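Inspection log for the structure reproduced underneath, given as structure tokens.
Values in this text are rule-based calculations from the coordinates and carry no lab data. Here the structure is a predicted model, which is why all the values come from computation and not from measurement. Note that each Cβ is placed from the backbone with ideal geometry, even for glycine, and that neighbours are counted across all protein chains shown.
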Amino acid sequence: MLRDNQHDFLYLIWKDPETRKNFTVGKLTRAETSQFQYYGEYKKAQECGWGKLNAFPEEKIYESAVLFPVFSSRLPDPKRRDMEKILEKYGLAEYDAFELLKKNGGRLPIDTYEFIRPISPDEKTVHV
């Protein structure tokens, strides 16, 4: 697992609906707190029509004691009756919002965002 300064992180990818090109627009980090910041190609994505997330209007590092609601809303509700099956599907022993986001990518049919786990150059085998 790739870590940045010993912290887990995911990249937020935006897919341009017209060109289908992917842009890395953000970085979500799990440390003592959850942190989000715009990252990578977000300026190029803006040139292609992408607008910043409403929850993060400024170019700064945002912090929260829990996973930001704008991201946790992309996950199944932990109170679902079939949560045990969902966790089993993703190989999780218990509900962990960040780990679930890492496993399912947080994709929704209503937008063009997805979280991806970076691939470390040290990894010889990648399981998707």
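Which trypsin sites (Lys or Arg not before Pro) does region 1-95 hold that lie in a coil by DSSP with at most 13 other beta carbons within 10 Å?
Those that pass, being in a loop and sparsely packed, are ARG20, LYS21, LYS60, LYS79, ARG80, ARG81.
Could you give the alpha-carbon Rg of region 3-116 over 2.2 N^0.38 Å, rounded to two decimals?
The value comes to 1.09.
Assuming R0 = 25 Å, can you tell me the calculated FRET efficiency for the pair GLU18 and LYS60, based on Cβ-Cβ distance, to the nearest 0.05?
Calculated transfer efficiency: 0.30.
For the chain, what is the calculated [θ] at 222 nm in deg cm²/dmol (nearest 500), taking -39500 (n - 2.57) for each run of four or more DSSP H residues and dividing by its residue count?
Helix-only estimate at 222 nm: -4500 deg cm²/dmol.
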